[in-house]
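The values are calculated or read from the model by the stated rules, or taken from the named source; none is laboratory data. These numbers come from a predicted model, not from an experiment. We place every Cβ from the backbone using ideal geometry, glycine too, and count neighbours over all the protein chains shown. Note: areas computed on protein heavy atoms with side chains; ligands, DNA, RNA excluded. Shrake-Rupley method; radii C 1.70, N 1.55, O 1.52, S 1.80 Å.
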Amino acid sequence: KTRQFDDRLTFNIAGFWTDIEDSQQFIFFPAGSIQAVASLDNVEILGIEADATFQVTDTLTAFAAVGFIDAEIKESAAQPAAVGNRPPYVSDYNVTLGLQLDQPITDALNLLARVEYNRQGSVWFDAVNTPNTRRDPIDLVNARLGIASDNYEFSLWARNLNNERYRVETVTLVTGVGTFNPGFLAPPRSYGVEAKLRF
């Protein structure tokens, strides 16, 4: 961790190693309509992540974060073909960039604004890493605009502004007529209102 330029810049970096035993994975066998849970006996995750914030002005802050993950299935008696693969639902990298504004507009009110871009790396949905079922990297943009006082906050928010269509969960099916990857789509572009009262 470090602070530079009269504390206007904050920079953090960290590395991590995680060893997981008996990680569970849902499996569906279409031939008999069987649902089962298989165990990945050992999964190893190595990673590095860094984040930074920079005080551009007294009211405007820029922020960024990046993380890289090297995850590997080391042992799997139930699915020997999975050994050496990336475990399900683990992206290989993530990147976040954004700006945040906290601007006084009266003695009692502040204008709050935030825009954020996030890129998530590719994801496999099964331990075997079945060909042609990997989800490609996705790009998401979120934003928020509001006003706040010491006692309340009122804001408008928007998620997935670029209306990225992507799957958050799937069941990979390999049948005699081909490979299928049905799943659940993430919510499309959405908007909302949020109010907070402090007391």
Structure-derived Cα extents along the principal axes in Å - corresponding label in (1) 54, 37, 34; (2) 48, 46, 36; (3) 68, 37, 32: (3)
Relative contact order, percent, the stretch 60-199 [alpha-carbon distance under 8 Å, six or more residues apart]: 18
Dipole magnitude of the chain, debye to nearest 20 (Cβ charges: Lys/Arg +1, Asp/Glu -1, about Cα centre): 640
Förster radius 41 Å - calculated FRET efficiency between I13 and Y152 (Cβ-Cβ, nearest 0.05): 0.65
Heavy-atom accessible surface of the stretch 40-157: percent carbon and sulfur, 1.4 Å: 58
Spin-label pair S23/L185, simplified geometry with 7 Å Cα→Cβ offset, distance in nm: 2.9
Within-15-Å neighbourhood charge of N132 [Cβ basis; K, R +1; D, E -1]: +1
